[in-house]
1. With each pseudo-label sitting 7 Å past Cα toward Cβ, what's the Tyr238-Lys99 distance in nm, one decimal?
2. In deg cm²/dmol and to the nearest 500, what is the mean residue ellipticity at 222 nm of the chain if only DSSP H runs of at least 4 residues count, each as -39500 (n - 2.57), divided by the residue total?
3. All other residues with a Cβ under 11 Å from the Cβ of Leu142 taken together, and with Lys, Arg as +1 and Asp, Glu as -1, what is their net charge?
4. Go ahead and set up a Gaussian network model of the chain, Cα springs under 10 Å, then flag whichever of Ile232, Ile22, Ile84 fluctuates most.
5. What is the distance in Å between the Cα centroid of the range 48-65 and that of the range 187-201?
6. Computed from these coordinates, which is P(r) over Cα pairs in 10 Å bins from 0, in percent: (i) 7, 30, 34, 20, 7, 1, 0; (ii) 6, 22, 28, 24, 13, 5, 1, 0, 0; (iii) 7, 30, 29, 19, 12, 2?
7. Which whole-number percentage describes the relative contact order of the range 17-226, with Cα contacts under 8 Å and a sequence gap of 6 or more?
8. Could you identify which residue out of Glu176, Glu230, Glu11 has the top mean-square fluctuation in a GNM of the chain using Cα springs shorter than 10 Å?
Amino acid sequence: MIMAGLEYRKEVPFKNVYFTGIVRDKQRRKMSKQLGNSPDPLDLISKYGADGVRVGSLLSAPAGNDLLFDEDLMVQGRNFMTKIWSAFRLINMWKHEDKPLNDADKQAIEWFENKLNKTIAEIDQQFEKFRISDALHLIYKLIWDDFCGWYLEAIKPNYGEGVSKEVYDRTVIFFEDLMKLLHPFMPFQSEEIWQLISERNTDEALVIAQQKKAEAFNEEMIKNFETAEEIISGIRNYRQTKRNFSQRSGGGVYRCFRF
């Protein structure tokens, strides 16, 4: 290809060559029909979905190493798809009202915006090094842990109440940015959700949308929130280990920090 490029176009067609490992089973044996350890990709897609298989395979494909195929990772890919759909349905269910933004919601929005920008910068670094699996792991954690596990829980309205319109609008923007990041790894579901979020024409398809670029972020705010996460997680673990723990036992938890 390089010789043809120089001959006909007078330029080198590419400068980077990416060497991949081979696919092995989880016992590190090379896949072959003789061993019977080579699954039919169409059967996997039928069982876990094309996106589930794609994500599951990439999660187990570290740069420079062989890919150790494990069907449990396909399950993980499918569960990730389900998690994203659940988050999308939850946001769609929320009523949004014309009311002012409270301090707690404002802090949650500021934190996730900073976390998003920091993660995008880290993802860009992984792409520059062609570490595709590592980039996916960052996106996985950003969506599953940070967005679904913390941000949505922080802004979730009380039962029967709605969120402010500003919170709703910012959350939708965050979700769109996440779909852009996810699209190279989960193209079908991310495109479908993208089209469901808002009416769009073919020129606005996710496959040709511009990726969000990393902006400046506040590292101190991110670290402060991580401290809060550790405190909350510690309290949850304590309550799980101490089954008799209750408000009557004399324990109290107070909000004693700001971000």
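1. 3.1 nm
2. Taking each H run of at least 4 residues, the total per residue is -17500 deg cm²/dmol.
3. -1
4. Ile232
5. Cα centroid of the range 48-65 versus Cα centroid of the range 187-201: 22 Å apart.
6. Structure-derived value, by its label: (ii).
7. Values: 231 pairs, mean separation 48.9, N = 210.
The value is 23 percent.
8. Among Glu176, Glu230, Glu11, the largest GNM mean-square fluctuation belongs to Glu11.
Taken together, the values in this text are just the output of simple stated rules run on the coordinates, not laboratory data. Bear in mind the structure is a predicted one, so any value in this text is a computation, not a measurement. Please note: Cβ atoms are built from the backbone with ideal geometry, for glycine as well, and neighbour counts cover all protein chains shown.
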